[in-house]
Amino acid sequence: RDADNALQTAIDMLRALREFNAMRVLLGKAPVEIGLGINTGEVVAGNIGSLKRMDYTVIGDGVNTASRLEGVTKYYGTRLLISEFTKLKLQQNYQYRLIDSLRVKGKNLPVDVYEVLDYHDASTFPHRDDLLGLYQEGMTHYRNRDWQAGSRAFAAALTLNPKDDPSALYLKRCQQLLVTPPAADWDGVWTMQSK
């Protein structure tokens, strides 16, 4: 249950952060924002360092991918991203949506990335189910290179929740691709140029 335990911990963290931030706002302080990336894979765990300074840590490609996912939460305007490898290991049901097929910096093979939404409630994600239907419709059009229909679906999703950053991002992408279509061999994978 490692994947479920990690994901449930992340969900609990974001729920606790919402309560913590509500108190901060009441005190006139700025809210604390975090992004979480979860990946499942092989890592090396143990004490690493010198005789003077030894740290227990994990290293490897699995850690690097998780770190990249955490970093791209800012780009997508999300709080909690998981890799396709973590999604495959989940034993419980969660509410999630495909965010992108992503080629992270330093990697050649793309990875499907999902946003987990279970930490939200009706106040933080209004009209979730209806929006997710429109978002999925938009993603289907996007993958099929139908930028106009994709634009309509993502724009409709934004009428339900104007703060849905992934819908806004894909609306912008569709509008850009209408003007400047990709090459015929476009595979729908987005390549991140930074960490």
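The values are calculated or read from the model by the stated rules, or taken from the named source; none is laboratory data. Nothing here was measured: the structure is a model prediction, and the numbers come from that model. Cβ: placed from backbone, ideal geometry, glycine included. Neighbour counts: every protein chain shown. Only protein heavy atoms, including side chains, enter the accessible area calculation; ligands, DNA and RNA are left aside. Shrake-Rupley method; radii C 1.70, N 1.55, O 1.52, S 1.80 Å.
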Let me confirm something: among I38, I34, which residue is touching a strand residue (DSSP E or B) at 6+ places or on another chain (Cβ under 7 Å) and farther than 23 Å from T140 by Cβ?
I38
Restricting attention to the stretch 110-127, report how many residues are modelled with pLDDT of 95 or more, among the acidic types (D, E) and open to solvent by 30 Å² or more (accessible area, probe 1.4 Å).
2
Limited to the stretch 32-63, what total is found for residues that are in a loop (DSSP other than H, G, I, E, B) and surrounded by 12 or more Cβ atoms within 10 Å (Cβ to Cβ)?
7
Is it true that some residue in the stretch 133-145 is aromatic (F, W, Y) and in contact with a Phe, Trp or Tyr (Cβ under 9 Å, 6 or more places away or on another chain)?
yes
Would you mind telling me which numbered condition in (1) part of a loop (DSSP other than H, G, I, E, B); (2) open to solvent by 60 Å² or more (accessible area, probe 1.4 Å); (3) more than 23 Å from M139 (Cα to Cα) N93 fails?
(3)
What are the residue pairs meeting all of these: first residue in the stretch 110-132, first residue in contact (Cβ under 8 Å) with a residue 40 or more places away in the chain and closer than 18 Å to L98 by Cβ, second residue basic (K, R) and open to solvent by less than 30 Å² (accessible area, probe 1.4 Å), Cβ atoms under 7 Å, and 6 or more apart or on different chains?
E115/R97
Under the condition of being assigned to a loop (DSSP other than H, G, I, E, B) and open to solvent by less than 40 Å² (accessible area, probe 1.4 Å), which residue from the stretch 137-195 is farthest from Y75 (Cα to Cα)?
P182
Considering only residues that are closer than 22 Å to Q8 by Cβ and outside any helix (DSSP H, G or I), which ones fall in the stretch 64-85?
T78, R79, L80, L81, I82, S83
Among the residues of the stretch 141-157, is any touching a strand residue (DSSP E or B) at 6+ places or on another chain (Cβ under 7 Å) and on the phi > 0 side of the Ramachandran plot?
no
Report every pair of residues separated by at least 6 positions or lying on different chains whose Cβ atoms are under 9 Å apart, first residue within the stretch 165-189 and within 14 Å of Y135 (Cα to Cα) and in contact (Cβ under 8 Å) with a residue 24 or more places away in the chain, second open to solvent by less than 20 Å² (accessible area, probe 1.4 Å) and in a loop (DSSP other than H, G, I, E, B).
D165/T78; P166/T78; S167/N161
Hey, any hits in the stretch 64-76 for a residue that's under 19 Å from G188 (Cβ atoms), touching a residue at least 40 places away in the same chain (Cβ under 8 Å), open to solvent by 40 Å² or more (accessible area, probe 1.4 Å) and among the aromatic types (F, W, Y)?
yes
